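Heads up: the structure comes next, in structure tokens.
The values are calculated or read from the model by the stated rules, or taken from the named source; none is laboratory data. Bear in mind that the values here come from a model prediction, so they are computed numbers and not experimental data. Positions of Cβ are backbone-derived with ideal geometry, glycine not excepted, and every protein chain shown enters the neighbour counts. Note: accessible area is taken over every heavy atom of the protein model, side chains too, but ligands, DNA and RNA are not part of it. Shrake-Rupley method; radii C 1.70, N 1.55, O 1.52, S 1.80 Å.
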Amino acid sequence: MPNYYAICADVFEQRNYKEEFELPDANSALEAIIKSLPDDWEGSIEIRDAKTLSDRKFPLIDFWRTPIKK
């Protein structure tokens, strides 16, 4: 099964995360990292695979998360 890296950069650069997942596809990795983030976390999430982790390569998914205000 492929490995995917989730690289999460907080909007204020204070709560950044990097996690590795062994899942069937990049969308599953995005779903898993979103579920693990704090409810109030806002920022950029990049999903990369082990072959494209280099800074010179494009992410598989580039996603911006904004929490829903209740």
Ignoring ligands and nucleic acids, R15 exposes an accessible area, probe 1.4 Å, in Å² to the nearest 10, of 80
Taking K and R as +1 and D and E as -1, what net charge do the other residues with C-beta under 14 Å from the C-beta of F12 add up to? -2
Name the GluC sites (Glu not before Pro) in region 1-53 that are in a loop by DSSP and that have at most 14 other C-beta atoms within 10 Å, would you? E13, E42
Under 5 Å between amide hydrogens, which residues at least 5 positions from E42 or on another chain qualify, with H placed 1.01 Å from N in the peptide plane? V11
Over the chain, volume per residue of the alpha carbon convex hull, in Å³: 81
Specify the angular offset, from 0 to 90 degrees and rounded to the nearest 10, of the alpha carbon long axis of helix 26-36 from the longest principal axis of the alpha carbons in the chain. 30
With all protein chains in place and a 1.4 Å probe, D10 shows an accessible area in Å² (nearest 10) of 10
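Please arrange L23, L30 by accessible surface area, largest first, computed with a 1.4 Å probe and ligands excluded.
Values: L23 45, L30 20 Å².
I get L23, L30, largest accessible area first.
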